[in-house]
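Report on one structure; see the data block that follows.
The values are calculated or read from the model by the stated rules, or taken from the named source; none is laboratory data. What you see is a predicted model; the values in this text were computed from it and never measured. In this analysis, Cβ positions are derived from the backbone assuming ideal geometry, glycine residues included, and neighbour counts consider all displayed protein chains.
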Amino acid sequence: MSDEKTAVLVVGGGLAGLSAAAFLAWQDVPVLLVESHADLLIHPRSRGITPRTSELLRQLGIEQQIIDACGLDATQDKMLSLRASTLSDPDFVTFGEGEAAKLAEHSPSQWSAIDQDRLEVILRDRARELGADIRFSTELKEFEQGDNGVTAVIEDLATGKRSTISADYIVAADGNSSPIRERLGIPALGPGRFAEVASVMFEGDLSPVLAGRPVGVAYVEKPRPGTVLVRTAPQRWVATFAQEETEYDEAAVVADLHAAIGEDLDVRVLPQVPGTDLKQLWFVIGAQVAQEFRRGRVFLVGDAAHIVPPALGQGGSMAIQDSNNLAWKLAAVHRGHAGDALLDTYDAERKPVAFNTMGIVLAAGQARNSGQEPDDIDVGALVFGYQYRSSAVLGAEGAPDAVPAEELTGQAGTRAPHLDVTIDGKPASTIDLYGPAFVLITGEDGAAWADAARTVSGDTGVRIDIADIGGRLGQVDKPIGAAHGITSTGALLVRPDGFVAWRSPDAAGEPEQELRAVLNAVLA
């Protein structure tokens, strides 16, 4: 049995685990990811990521790859969502039109209709480029926590060879059943699991029933209520069926496809896993949130931490956002810039978002189950407006769970607003400032804040980039200071994840002392 060391051991190679590995490696944190499957699944599973999630992946330099890999029209608005008895039913209703366009003014990124399997390939390759050690056919067998780290035993399933891994932390991205969460005894709160659904990939020319409609997703009543057809390529689809019987052979699948389509068109059911003839996969539909997102040196991300129904397409995006929130904090601790209390803010920030999102998605699902479309959901607030309240944010006490996207003006705990600007003379978004470091935005007369940031950064070793309005930052269409809630003498500190840590609308008597105290408080 060999011995190895790493800073972070990630368990699970889905969206949550791969994005965690990528964000950690991007921050130069040694990371090892283990996944028991022999390779990535080819099944699309979830489809689409929100503009906010696209912003985070933009930091990794893979946004254009994602757009190119969408397979169909990249943006949600170019595809039609409908509800009908069957796909061929001429009596149908559409919904969701214009949602992406409504969000466009709030972000440089778009709602990308990429399948999960394609996104995972891009994340895996980027994580490896950045230096992450990713091992498939490798399973976590056991682990023990100690005062100074975690000792884990992993097994290469192809050879049977076992290794002992010494890590500082474990990131549990091991799915909704999460053996790690179960071992830690962390309960899940909420309605729980509703059902298991069968998911099937198939090919076929459905143009005779589409009648020119650019359908992206169809909710149909046949063969059973809850059937969903999702188009992933011009002639490739995924069908999800509520299915009580565990025996579901290919003949039954084809019969259900014909019922959902409304005509007996020629369809071919595709294998779900490479190298097998498996014709369907089973997925859990439910709503639950773990009572704790951190237990000692173990952190839950993605489905291990929470599951929500697919009604509003939030599950995959939530997983990636979890990983981004946690990664910069682990990196700060790894570098010795932050105390352990910073890691507690992962739970304090992401768990309320999970509960709030679960409630909104459940309400949307109930409306759709009754044949209606929810008309009171503020998509901008759901996607961009969630607000953090923790010790890593100063001045957000009593803040709401979320604010409308158009009201994001640099409030503490909110995602810093998007503006079209010039950065060092080149067209960009303010979102492009954020990622590897803290950023201090200063007003046109905020030289004292900039000087303070240079001194504090030099003393602490914590990187603070300076974006001075009128200098490095040039205005394009809106006054930058007013959009961030500061005057010409004010300043705003933005965390590596793009969330506002603190804001001083005006000048301070001792800017260096103020900024030093702020950074110490945020980093615990």
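Quick look at the values:
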read-out: Residue match in the stretch 453-467 (condition: crowded, with 21+ Cβ neighbours inside 10 Å and over 28 Å from Gly336 (Cα atoms)); value: no
read-out: Single residue of the stretch 484-513 satisfying the filter (surrounded by 19 or more Cβ atoms within 10 Å (Cβ to Cβ) and among the aliphatic types (A, V, I, L, M)) that is nearest to Ala437 (Cα to Cα); value: Val494
read-out: Number of the exception - Glu142 against (1) surrounded by fewer than 19 Cβ atoms within 10 Å (Cβ to Cβ); (2) outside the structural domain of Arg45 (by TED's automatic domain parsing); (3) among the charged types (D, E, K, R); value: (2)
read-out: Answer from Ile186, Ile114, Ile134, Ile180 - the residue that is part of a helix (DSSP H, G or I), in contact with a strand residue (DSSP E or B) (Cβ under 7 Å, 6 or more places away or on another chain) and of a type outside the set (D, E, K, R); value: Ile180
read-out: Considering residues of the stretch 203-258 that are part of a strand (DSSP E or B) and among the polar types (S, T, N, Q) only, the residue farthest from Phe92 (Cα to Cα); value: Thr232
read-out: Residue among Ile165, Ile134 that is over 27 Å from the mean Cα position of the chain (by Cα) and within 25 Å of Val333 (Cβ to Cβ); value: Ile165
read-out: Residue within the stretch 10-27 that is out of contact with any helix residue (DSSP H, G or I) (no Cβ under 8 Å at 6 or more places or on another chain) and surrounded by 18 or more Cβ atoms within 10 Å (Cβ to Cβ) present; value: no
read-out: Residue match in the stretch 312-324 (condition: on the phi > 0 side of the Ramachandran plot, buried (at least 22 other Cβ atoms within 10 Å of the Cβ) and in the same structural domain as Ser166 (by TED's automatic domain parsing)); value: no
read-out: Pair list, Cβ < 9 Å and 6+ apart or interchain, from the stretch 305-318 residues that are in contact (Cβ under 8 Å) with a residue 60 or more places away in the chain and closer than 16 Å to Gln116 by Cα to residues that are assigned to a strand (DSSP E or B) and among the hydroxyl-bearing types (Ser, Thr, Tyr); value: Pro310/Thr240
read-out: Any chance Val421 is among the hydrophobic types (A, V, I, L, M, F, W, C) and outside any loop (DSSP other than H, G, I, E, B); value: yes
